[in-house]
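Just so you know, all these numbers are worked out from the coordinates, no wet-lab data involved. What you see is a predicted model; the values in this text were computed from it and never measured. Please note: Cβ atoms are built from the backbone with ideal geometry, for glycine as well, and neighbour counts cover all protein chains shown.
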Amino acid sequence: MTRGRALYHLARADFLERVRRYSFLLTLAFAAGLAFLTYSGTISLELGEYRGVYNSAWVGSMMTLVSTTFITLAGFYMVKNTIQRDAQTRVGLVLATTPMSKSLYTLGKALSNFAVLAAMVAVLAGAAAILQLVRAEGGGLEPAKLLAPFVWVALPAMAMTAAIAVLFETLPLLRGGAGNVIYFFAWAAYVGLSGATGVNDYLGLGFFMRNMTGALKLIDPSHREDQFTLQAGPTVHATKTFLWNGVDWTPQVLLGRLQWVAIAMGIAWLAALFFHRFDPARGRARWAARGKKEAPEPEEDRAGANGAPVARAAAGQLTPLVRTAHGSRFARLVVSELRLMLKGRGWWWYLVAAGLFAASLAVPDVQARQAVAACAWLWPVLIWSQMGAREARYDTGKLVFSCAHALDRQLPAVWAAGVVLAVSTGGGLGIRSLMGGDWLGFSAWLAGALFVPSFALALGVWSGSSRLFEALYTLWWYAGPMNHVPGLDFMGMTPARFATVFYVLATLALWIAAYVGRRGKLGYA
Amino acid sequence: MQLIIDKAGKLYKGKVWALRNFSLELGPGVLGLLGPNGAGKTTLMNIIATITRATEGTVTWNGADLQREPDAVRAVLGYLPQDFGVYPNLNAVEFLEYFAAVKGLDAASARRRIDELLQLVNLADVRKRPLGGYSGGMRQRIGIAQALLNDPQLLIVDEPTAGLDPEERVRFRNLLSDLSGDRIVILSTHIVSDVEATATEIALISSGTLVTHAPPEELLRAAEGRVWEWVIPSAELSAAKQRYLISGTVRRADGVHVRLLAESAPAGAVPVAATLEDAYLHCLSTHRAQRAEASAR
């Protein structure tokens, strides 16, 4: 009972702390946005040329798939900061001194994550009812049929996402930006696999695919399973409808879904094995310092403690500074920002970057070269993602923002350093375009080199975190440069009308957004 | 060189005034900022350091209104906040080089200055170690070095000796005294002995308002004749605490030596010279009594 009470309060306090932040409104707004896109038909569930009649079973299942597909991705990034917050607020140090077990802690955090994700699902469930009533093509509202998919499919999927987020936070290699990128690719691979195999996956893709396709085949035996798609885009392919009365929720089916809740609890428990209980000796600093020549044990000041007199300057002996004009120092500040960005990268980071640069310049096959060039601009994602968010992450805002020209010199210097990074890592493609006399391609590439750091800076300034950029940029990169969706390819490798102009204008808009955001945070201009 | 705070106020969300109708004029010297927790000291320093904007009133530096020209003070400001972070992968030199660039210092004089400052704050031996491995006191000292990088004319330090060992604390006090000749130093702390050792003026804040702004001697004079030492049995200590404002107790063989503030001496008590801590307590209790009386009326 005591453990249950502790678990409840652990999850409750964390949940309340989250929902009382403005960012929670963004979370709900994201869910509402998904609901609107589904309502407007931009997101739709199609089986080739068919879609289901908008009855409670179809609408509930479609909204459930929207939630399991999108919230398991975006929601992961939204909730993957619960342990980090306890470390930053130092509440964790207090918790660590209590009798609370590690498994109770990770379970409580997973529960809190689940509550946040479930709130987003609840928004979509409410929207599903409205959607059915508005469309009015499938009879009256049947709450049990409408809500059953949310309860038995969406909520277990959220439980899995919540637990995986906690597990990522406890693993040193996955708790940072690398984990964010890895999750994206793991998620994309899992979605692809679920859709292709039709297994009982936690997202429910295979589950609904089997069920709906089976029902459709009774009407149209020629229908193929690979035509099941959750379509995102303005083009609607479905021209016919069929009546689907929902899943038969047998005890066996329910057990199949509940197994994911049990697995989620197992993952949360597994996370406890890696959770270091806020032990500073096993924290980030020590991990980051590993491998350096002088292992930096948290130490006392030997210089002052050994009793030997130490020659020191007196305050009055400090060399007076010669004050010079501010403008001439900008280049030095850009170099400093670039050094700060790259600090801590191992030699292998530069080696990979150099390899990608050379390959994007020299590989003869066009498709392979484009793929390598795209990778060259994914490689620095964890560096760009620090832009604009670094002061919040390391709590250096008061030091930096009390310096002169923090807005009109330091902010542009951060951006310029990001552009230098873009040009130097992805330069192979630019040089190739120049060498081939492809001025349009070069200008498109250059627009991308300006756009990416601007995107990072704006998101970093406004969110105060690197995660938003890491999530959105990886998604954008995957659709654009990697899969050549026209218009989304900010590297200019996929021909699209007005793309260069769009990215130049977007750069400008994002720059203004970053400036306004930072200005607001400074308190003073 | 003049800093003028004129009727400044800061209203936080929830309609809480952290500072109200606060006025102060400062010239070169060390101002000791004293006050209980939540008095508004950090808010005041954040306003002067242009971290946050005053809701009302003005703050001017050499005639420049900081609401309109915050860079007028930022260019000559050294600020050590109570809580601040560091970049854990940078070493001391790299961290200071970064801030030298942000503050617009040229490379050559910044390098020389950084060397001197690392000597000054006694971190020269660990200059190449990542800051992530520094102890709390060492981080505090790198913060002090950062604040002195641009040879500031206005130095604001919030609880600067928190986390420092006694030897470093003494060294920092001496440093502040050395620095105070030709610049304005604002020192906020709860350690009255730090203020006693360095401050040329004291501003006492309570509930967001200025209680008094005076040289330490003037505060001491106000408490003179009201501080007593009284030796009582241990069993009577609790009753004495109920009755008097006690600034210290020491247990000795003959009983508990109680240091207390009162208008008249308890029977058997002897007068003693007031310390700044006594003066602080006296000033604060008088102010609270006046406020209580005013609100009762």
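At a Förster radius of 25 Å, what calculated FRET efficiency corresponds to the Cβ-Cβ distance of A:R519 and A:A178, to the nearest 0.05?
The calculated FRET efficiency here is 0.20.
May I ask you to derive the relative contact order of the range B:221-296, considering only C-alpha pairs under 8 Å and at least 6 residues apart, and to give it as an integer percent?
39 percent
Out of all DSSP beta bridges in the range B:3-218, what portion is antiparallel? Express it as a percent rounded to 5.
55 percent
Cα to Cα, under 27 Å, and not fewer than 8 places away if on the same chain: which lysines meet these conditions relative to A:K102?
Of all the lysines, those that pass the test against A:K102 - Cα under 27 Å, at least 8 places apart if same chain - are A:K80.
May I ask you to list the residues of the range A:113-152 whose amide nitrogen lies under 15 Å from a point 7 Å from Cα along the Cα→beta-carbon direction of A:F36?
A:124, A:127
Percent antiparallel among DSSP beta bridges with both residues in the protein assembly as shown, to the nearest 5?
In the protein assembly as shown, DSSP labels about 65 percent of beta bridges as antiparallel.
Which loop trypsin sites (Lys or Arg not before Pro) in the range A:1-68, with loop taken from DSSP, have no more than 15 other Cβ atoms within 10 angstrom of their Cβ?
Loop-located and lightly packed - A:R20, A:R21.
Report the residues of the range A:76-105 in range of a label on A:Y190: point 7 Å along Cα→C-beta, backbone N strictly under 13 Å from it.
A:76-77
Can you figure out the FRET efficiency of B:E224 with B:H190, using R₀ = 30 Å and their beta-carbon distance, to the nearest 0.05? The partial results should precede the final answer.
Values: r = 24 Å, r/R0 = 0.79.
Efficiency at R0 = 30 Å is approximately 0.80.
With each pseudo-label sitting 7 Å past Cα toward Cβ, what's the A:L254-B:L237 distance in nm, one decimal?
Spacing of the two 7 Å Cα→Cβ label points: 6.6 nm.
If amide hydrogens are placed 1.01 Å from N in the peptide plane, which non-local residues have theirs closer than 5 Å to the one on B:L210?
B:S23
Roughly what would the spin-label model give for A:R497 and B:T200, points 7 Å off Cα along C-beta, in nm?
Rounded to a tenth, the inter-label distance reads 7.3 nm.
Which FRET efficiency value, to the nearest 0.05, do you get for A:L351 and B:V272 by plugging their Cβ-Cβ distance into 1/(1 + (r/R0)^6) with R0 = 60 Å?
Result of the calculation: an efficiency of 0.25.
Quick one: length gained pulling B:Q2 to B:A296 fully straight, 0.36 nm per residue minus the C-alpha distance?
102.0 nm
A:V366 to A:L472: extension gain in nm, 0.36 nm per residue of separation minus the Cα-Cα distance?
Result: 35.5 nm gained on full extension.
For the charge dipole of the protein assembly as shown, defined by +1 on Lys and Arg C-beta atoms and -1 on Asp and Glu C-beta atoms about the Cα centroid, which residue among A:L258, B:Q146, A:Y183 has the Cα displaced farthest towards the positive pole?
Result: A:L258.
Taking the C-alpha atoms of the protein assembly as shown, how large are the radius of gyration and the largest Cα-Cα span, Dmax, in Å?
For the protein assembly as shown, the Cα-based Rg and Dmax read 32.0, 108 Å.
Taking a ≥ b ≥ c as the square roots of the Cα gyration tensor eigenvalues, with a/c under 1.5 meaning rounded and otherwise prolate when a/b beats b/c, else oblate, which class fits the range A:473-525?
oblate
How would B:I232, A:I512 line up from fewest to most surrounding beta-carbon atoms within 10 angstrom?
Values: B:I232 18, A:I512 12.
By the 10 Å Cβ count, ascending, the order reads A:I512, B:I232.
What is the magnitude of the charge dipole of chain A about its Cα centre, with +1 placed on the Cβ of each Lys and Arg, -1 on the Cβ of each Asp and Glu, and no other charges, expressed in debye to the nearest 20?
On the way: 46 positive and 27 negative charges, 334 e Å.
Using Cβ point charges on Lys, Arg, Asp and Glu, chain A gives about 1600 debye.
Could you name the aspartates and glutamates in cross-link range of A:K145, using Cα to Cα under 14 Å and dropping any fewer than eight places away on the same chain?
By straight Cα distance, A:K145 reaches A:D248.
P(r) for the range A:1-115, please, calculated from all Cα pair distances in 10 Å bins and given in %.
For the range A:1-115, the pair-distance distribution reads 12, 35, 24, 18, 9, 2, 0.
Stick to Cα atoms and the Kirkwood definition of Rh, then tell me Rg/Rh for the range A:373-525. List each step's numbers first, then the result.
On the way: Rg = 15.7 Å, Rh = 15.7 Å.
Ratio value, two decimals: 1.00.
Taking the simple approach of a point 7 Å from Cα along Cα-to-Cβ for both B:E56 and A:L273, what is their distance in nm?
Placing both labels 7 Å along Cα→Cβ, they lie 6.2 nm apart.
Once you charge only the Cβ atoms, +1 for Lys and Arg and -1 for Asp and Glu, what is the size of the charge dipole of the range A:2-282 about its Cα centre, to the nearest 20 debye?
Roughly 960 debye, rounded to the nearest 20.
For chain A, what does the helix formula give at 222 nm: sum of -39500 (n - 2.57) over DSSP H segments with n ≥ 4, over the residue count, nearest 500 deg cm²/dmol?
After summing the helix terms and dividing by the residues of chain A, the value is -20000 deg cm²/dmol.
Connecting C-alpha atoms closer than 10 Å in a GNM of chain B, tell me which of B:G268, B:G57, B:G32 has the biggest fluctuation.
Greatest mean-square fluctuation among the candidates belongs to B:G268.
Could you compute how fast the range A:334-453 diffuses translationally, taking Rh as the Kirkwood radius over C-alpha pairs and applying Stokes-Einstein at 37 °C with viscosity 0.692 mPa s? Give it in µm² per second. Spell out each step's value before the answer.
On the way: Rh = 15.4 Å.
The diffusion coefficient I find is 213 µm²/s.
Within the set of other residues whose C-beta is less than 10 Å from the C-beta of B:S247, count the net charge using Lys and Arg as +1 and Asp and Glu as -1.
Details: positive: B:R259; negative: B:E277, B:D278.
Here the count lands on -1.
Looking at the range A:132-186, I'd like the Rg to Rh ratio, where Rg is from alpha-carbon atoms and Rh is Kirkwood's inverse mean 1/r.
1.29
Net charge around A:S44, counting only other residues with Cβ within less than 13 Å of its Cβ (Lys, Arg = +1; Asp, Glu = -1)?
For residues surrounding A:S44, the net value is 0.
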